[in-house]
1. For segment 61-95, give me each residue that is small (Gly, Ala, Ser) and in a helix (DSSP H, G or I).
2. For segment 27-64, give me each residue that is of a type in the set (Gly, Ala, Ser) and within 24 Å of Asn92 (Cα to Cα).
3. Kindly check whether there is at least one residue in segment 68-82 that is of a type in the set (Ser, Thr, Tyr) and modelled with pLDDT under 95.
4. The conditions are (1) among the hydrophobic types (A, V, I, L, M, F, W, C); (2) surrounded by fewer than 15 Cβ atoms within 10 Å (Cβ to Cβ); (3) at pLDDT below 90, and Leu12 fails exactly one of them. Which is it?
5. Select from segment 83-122 the residues that are more than 20 Å from Ser30 (Cα to Cα), at pLDDT 65 or above and either among the small types (Gly, Ala, Ser) or touching a Ser or Thr at 6+ places or on another chain (Cβ under 8 Å) (or both) and list them in ascending order.
6. Kindly indicate whether Arg33 is among the charged types (D, E, K, R) and surrounded by 17 or more Cβ atoms within 10 Å (Cβ to Cβ).
Amino acid sequence: MEEARSPEQGALPLNQFEELLIGVRAPLYSFARSLLGVDQAAFDVVQEALVDAWRATQRRQPPFTAEDNQAACRRRLFNVAYHKSISLRRHNRLIAWQSFDEAPEVERTLLAQQQIGQRYGA
């Protein structure tokens, strides 16, 4: 007969998860920052990767189990950060923002509309 498993059996212990975070947070941030070029975006990507890791730990999903090693956990975190960073870059490329400061034709159009409005009392 199979032995009943306790709810905590197989889960990555909290102290090991904390050690993993302490060792990987700064390099993970540097990695995301090098891909994105923006501090806040890199911070957000790291947070998302760490939340994903915590959820995987709670579900006892590899590599975030007691049986797996920290190198596998680090690889998974960097993989998640890479994919989230690339996804964010694609999203930002699709939604291109143009500053009015960099668009003199818009400024000329607005100025012309303002002058027309002053002439005709609008």
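The values are calculated or read from the model by the stated rules, or taken from the named source; none is laboratory data. Because the structure is predicted, anything quoted here is derived from the model rather than measured. Neighbour counts are summed over all protein chains in view; Cβ atoms, including those assigned to glycine, are modelled from backbone coordinates with ideal geometry.
1. We begin by selecting, within segment 61-95, every residue small (Gly, Ala, Ser); these are 66, 71-72, 81, 85, 87.
Scanning segment 61-95 gives Ala71, Ala72, Ala81, Ser85, Ser87.
2. Step one: filter segment 27-64 for residues of a type in the set (Gly, Ala, Ser), giving 30, 32, 34, 37, 41-42, 49, 53, 56.
Listed by number, the residues that qualify are Ser30, Ala32, Ser34, Gly37, Ala41, Ala42, Ala49.
3. For segment 68-82, residues of a type in the set (Ser, Thr, Tyr) and modelled with pLDDT under 95: absent.
4. (2)
5. Correct list: Ala112, Gly117.
6. Spelling it out, Arg33 is indeed among the charged types (D, E, K, R) and surrounded by 17 or more Cβ atoms within 10 Å (Cβ to Cβ).
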